[in-house]
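The values are calculated or read from the model by the stated rules, or taken from the named source; none is laboratory data. As the structure is a prediction and not an experimental result, all values here were calculated from the model. Note that we place each Cβ from the backbone using ideal geometry, even for glycine, and neighbour counts take in every protein chain shown.
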Amino acid sequence: MRVPEESVYDNDIRRCLFYARYLEKKKMGIHFNTSTPSEICKSVNEKIHSLIKSSYERVSFINNMKLECDNILVKLECFSWLQKNERAAYWVWFSFSELKTLTVHLPSASSSINIPGETFPYEIKIPGNIRPLAVTTSHSSRVNAIIHYFDQWDLNRFVDRRWLMQGITAAQIKLQILNSLRMKWSVIFTQKDPFGCMKNRNDENISWAWRYIKNYKHPLFNLMDLSPVSKEENELALYCAWDTTHNDDVGRKYFLSEFKKAWGQKKFRDNSKDTRVVNTRINKIVKEKLDILAQKNNKSIADTISMLIEQEYDYRHRE
């Protein structure tokens, strides 16, 4: 009969997937057809009991596995700011789409020269491209990909083990990276909306703005192979392109100037589609009265003339 300490029981899918990876790392790989916690735990327990015969060794193995899980996984609530903000999640997801290094601040790897409270910057390479983990079609898929990416991030391969020996866990380093990203995002989010001039955010206008950025002639944006498939995804990709631009203030200002000009021209073309030019001459006094009417109604001359014609027409053709 198996006692509870000799088996794994967990309803948290993230922990269950960690147990599966842990066994894989120990050359005890398992196979499971579903991703439900109960099925994964069942496969994990079967593998442990088939390969570790001693009850004492099984308990010790499982305790070590659970402890390492605690030290590696960041708590789910630490990702809540991404779950609440689609634009932030898109930005973080895209930020891990190419290989790069991130800076964290840690005590000296040599405990003999550590001073309480003093830290030093260290560069850590990210483990790879996040995009194979997600299809770029929904907010939830990107958030899940980010969480999974951090869960699979094996910092033991990238950091000095002497830090871990000092009690600094991989989860703490990951949390510092998350908090650093959150601080960077807060700076981005408080900036003026670069596309604030676009009041009408319908499908056609958002698609036009995305095409404008994709075809922009200067190397300001890193779009890679983004291919949004809906109005909402187009808008998120639009902001992501801006949020991840190079630190080129001159280039950004020039783009905004050109974009606003192009947007103004598009609005003019759209507004001109159903209009016709009418050339006519009217009495000077009538023109003055027309100016007064336009001013009082806060309308243009053209809109005022249209209003008067509509009113007269309705009056003549009322039942």
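So here's what we get for this one:
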| quantity | calculated |
| --- | --- |
| Qualifying residue in the range 213-224 (condition: among the β-branched types (Val, Ile, Thr), assigned to a helix (DSSP H, G or I) and either touching a residue at least 24 places away in the same chain (Cβ under 8 Å) or under 29 Å from residue 141 (Cα atoms) (or both)) | yes |
| Matching option when the condition is among the charged types (D, E, K, R) and either surrounded by fewer than 17 Cβ atoms within 10 Å (Cβ to Cβ) or assigned by the TED database to the domain that holds residue 186 (or both), among 66, 47 | 66 |
| Residue selected from the range 41-67 under the condition part of a helix (DSSP H, G or I) and basic (Lys, Arg), by the criterion nearest to residue 23 (Cα to Cα) | 47 |
| Some residue of the range 68-87 being under 13 Å from residue 19 (Cα atoms) and free of Cβ contacts under 8 Å to residues at least 40 places away in the same chain | no |
| Condition check for residue 313: at pLDDT below 90, outside the structural domain of residue 137 (by the TED database) and aromatic (Phe, Trp, Tyr) | yes |
| Test: residue 256 is out of contact with any Ser or Thr (no Cβ under 7 Å at 6 or more places or on another chain), closer than 21 Å to residue 84 by Cα and in a helix (DSSP H, G or I) | no |
| Residue that is surrounded by the most Cβ atoms within 10 Å (Cβ to Cβ) [pool: residues in the range 1-44 that are of a type in the set (Ser, Thr, Tyr) and without any contact (Cβ under 8 Å) to a residue 40 or more places away in the chain] | 43 |
| Among residues of the range 234-271, those that are among the acidic types (Asp, Glu) and over 22 Å from residue 181 (Cα atoms), counted | 2 |
| Of all residues in the range 1-39 being of a type in the set (Val, Ile, Thr) and closer than 19 Å to residue 147 by Cα, the one that is nearest to the chain's Cα centre (by Cα) | 13 |
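Residue-wise test of (1) of a type in the set (S, T, N, Q); (2) not in a helix (DSSP H, G or I).
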position: 146; (1), (2): no, no
position: 176; (1), (2): yes, no
position: 183; (1), (2): no, no
position: 193; (1), (2): no, yes
position: 196; (1), (2): no, yes
position: 210; (1), (2): no, no
position: 232; (1), (2): no, no
position: 241; (1), (2): no, no
position: 247; (1), (2): yes, yes
